[in-house]
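Undergrad: Right, I'll just put the structure down here and ask away after.
The values are calculated or read from the model by the stated rules, or taken from the named source; none is laboratory data. The structure presented is a predicted model; accordingly, all values stated were derived computationally and were not measured. Note that we place each Cβ from the backbone using ideal geometry, even for glycine, and neighbour counts take in every protein chain shown. The area values use the complete protein model at the heavy-atom level, side chains included, leaving out ligands, DNA and RNA. Shrake-Rupley method; radii C 1.70, N 1.55, O 1.52, S 1.80 Å.
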Amino acid sequence: MSVEIQSQNAWWERASRALRHPNYQRYFMAQVPLLVGTWIHSIALGWLMWRLSGSPWMLGVLAVCDLGPTFLLSPFVGTVIDRTDLRKLLIAIQAGFVLLVGILIVATLTDTITIPLLIGITLGIGILAAFDNPARQVFVAELVGPDDLRNAIALNTMLFNLARLIGPAIGGAVVATAGEGWCFVLKAIAYLPMLFVLIRMRPPQRIALERQSFFKEMLEGFAFVRHHPEMGRLLILVATCSFCSVPYFYFLPALVRDMLGQDADAAGLLMSLTGLGAILAAIMLTVRDRLDQLRVFPAWSALALGLVLIGMGFSGTYWITALLALPLGFSILSQNLSSNTMLQHFAPSGLRGRIMAMYSMMLLGTVPLGSLLAGALGASFGMPVTFIAGGALCSAVGIALALTHGKAPPVSA
């Protein structure tokens with residue numbers, strides 16, 4: 001029995017070793033309500049637009065406003081992150097989020113919300129998110145250092161998907177019983193712990209680097225990726241998986257209502273099952289985080305994701321789609337997490353903001369184009385065809401890149 005307990009303790013110490021850093025531990029805990037609130041907000045936002053418009057095309061427009069800034073601003077954003085005090089930047093971003101969500105709360109609860117106002121607020125949130133996502137990833141790297149970075153990425157991802165397991169179910173239930181406005185209230189409250197932690201935190205000081213012109217530093221990040229084929233291959237896979245999974249993650253109301261004949265509660269349950277699959281992948285990758293182990297995941301996970309999407313397109317029944325939601329979450333998370341981990345490992349510390357901005361551009365910035373195409377395809381041919389076409393493209397790219405081998409860049413300094 002003692003050997004078994006020692007073995008369990010050893011596994012836990014390895015799986016959670018990044019939490020030994022006090023600043024990261026506090027930051028990690030503050031993320032719990034914030035991430036749950038993010039998923040509640042996401043479910044409510046999509047359902048509100050669907051209620052106001054009843055149009056798959058408008059869901060696509062909403063996704064463009066939410067994530068389009070990430071694609072357009074990423075080169076600029078990454079350079080700003082590498083030149084800025086991240087703690088102060090993150091505090092300003094969270095305050096901006098609270099302001100915009102507050103406006104959304106008032107408009108929704110007073111029933112004065114309109115499609116143009118919803119689009120405008122979402123665009124503002126999208127601009128802030130273009131800075132927030134890569135800034136958080138670089139901030140975590142600075143809190144834990146290179147030795148525990150891979151574990152911190154896995155822990156963050158596991159927490160994100162635990163929130164996906166809980167948040168959509170809460171969001172769906174609140175939308176069904178009280179309306180979208182109260183979901184936005186929960187989201188605003190969820191920012192407060194993170195603001196408190198960031199204001200009180202004193203993270204390690206950055207090493208001062210010799211600065212060049214802003215434009216020259218921006219191009220330096222692209223040049224670094226261009227000279228390292230392995231990094232380019234990872235970014236292509238991230239972009240492909242994000243692009244092809246758009247029909248599921250951003251057209252879930254249309255999938256649930258039109259293809260499966262269900263309601264908001266069913267949408268929340270599907271997203272929660274996807275989160276459960278992602279959690280299983282994250283748990284696995286908290287301990288299987290050696291680079292030689294991680295390199296097999298991106299391409300083959302893309303292939304698996306494509307096959308699952310094809311299966312959803314042919315399904316037509318809720319229980320089959322629910323069963324497929326679990327491997328969908330596992331495959332997309334294992335692809336993204338392994339790619340993220342390797343990119344951060346290979347990126348020099350002075351370029352990490354620019355590299356992670358490119359990762360965000362591929363992960364999130366490709367979604368607006370995918371949303372417009374998926375919305376148009378869904379309106380013309382139906383959502384099943386959209387799922388099948390996306391799955392076929394994802395599988396083809398996964399197979400093609402699995403058969404190629406990029407040159408691994410040197411380990412980051």
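Undergrad: Tell me yes or no: at least one residue of segment 329-349 is farther than 19 Å from ALA135 by Cα, open to solvent by 30 Å² or more (accessible area, probe 1.4 Å) and in a helix (DSSP H, G or I).
TA: Among the residues of segment 329-349, at least one is farther than 19 Å from ALA135 by Cα, open to solvent by 30 Å² or more (accessible area, probe 1.4 Å) and in a helix (DSSP H, G or I), which makes the answer yes.
Undergrad: While we're on this one: Could you tell me which of the residues LEU117, LEU109 is free of Cβ contacts under 8 Å to residues at least 40 places away in the same chain and surrounded by fewer than 22 Cβ atoms within 10 Å (Cβ to Cβ)? If you could, list the steps in order and put the result at the bottom.
TA: On the way: LEU109 fails: free of Cβ contacts under 8 Å to residues at least 40 places away in the same chain.
Among LEU117, LEU109, only LEU117 is free of Cβ contacts under 8 Å to residues at least 40 places away in the same chain and surrounded by fewer than 22 Cβ atoms within 10 Å (Cβ to Cβ).
Undergrad: What number of residues within segment 123-170 are among the aromatic types (Phe, Trp, Tyr) and within 13 Å of the chain's Cα centre (by Cα)?
TA: 1
Undergrad: Still on this model: When you scan segment 80-98, how many residues do you find that are surrounded by fewer than 15 Cβ atoms within 10 Å (Cβ to Cβ), within 25 Å of GLY120 (Cα to Cα) and not small (Gly, Ala, Ser)?
TA: 0
Undergrad: Touching a Pro at 6+ places or on another chain (Cβ under 7 Å) and of a type in the set (Val, Ile, Thr) - does that describe any residue in segment 124-134?
TA: yes
Undergrad: If you take the residues of segment 65-76 that are closer than 14 Å to MET362 by Cα and not polar (S, T, N, Q), which of them is most open to solvent (accessible area, probe 1.4 Å)? Spell out the reasoning first.
TA: Let us first name the residues in segment 65-76 that are closer than 14 Å to MET362 by Cα, namely 67-75.
Still in the running and not polar (S, T, N, Q): 67-69, 71-73, 75.
Details: LEU67: 11, GLY68: 12, PRO69: 11, PHE71: 94, LEU72: 135, LEU73: 54, PRO75: 36 Å².
Filtering segment 65-76 for residues that are closer than 14 Å to MET362 by Cα and not polar (S, T, N, Q), the one most open to solvent (accessible area, probe 1.4 Å) comes out as LEU72.
Undergrad: Here's a check for you: in segment 350-362, which residue that is surrounded by 24 or more Cβ atoms within 10 Å (Cβ to Cβ) and either of a type in the set (A, V, I, L, M) or at positive phi (or both) is farthest from the chain's Cα centre (by Cα)?
TA: Filtering segment 350-362 for residues that are surrounded by 24 or more Cβ atoms within 10 Å (Cβ to Cβ) and either of a type in the set (A, V, I, L, M) or at positive phi (or both), the one farthest from the chain's Cα centre (by Cα) comes out as ILE355.
Undergrad: Next question, about the same structure. Of all residues in segment 45-85, which are in contact with a helix residue (DSSP H, G or I) (Cβ under 7 Å, 6 or more places away or on another chain) and polar (S, T, N, Q)?
TA: SER53, THR70, SER74, THR79
Undergrad: Looking at ALA15, is it modelled with pLDDT under 85, surrounded by 16 or more Cβ atoms within 10 Å (Cβ to Cβ) and touching a Ser or Thr at 6+ places or on another chain (Cβ under 9 Å)?
TA: Numbers: modelled with pLDDT under 85: yes; surrounded by 16 or more Cβ atoms within 10 Å (Cβ to Cβ): yes; touching a Ser or Thr at 6+ places or on another chain (Cβ under 9 Å): yes.
Spelling it out, ALA15 is indeed modelled with pLDDT under 85, surrounded by 16 or more Cβ atoms within 10 Å (Cβ to Cβ) and touching a Ser or Thr at 6+ places or on another chain (Cβ under 9 Å).
Undergrad: Here are the criteria: (1) open to solvent by 10 Å² or more (accessible area, probe 1.4 Å); (2) closer than 29 Å to ALA278 by Cα; (3) at pLDDT 90 or above. Tell me which single one ILE199 does not satisfy.
TA: Failed condition: (2).
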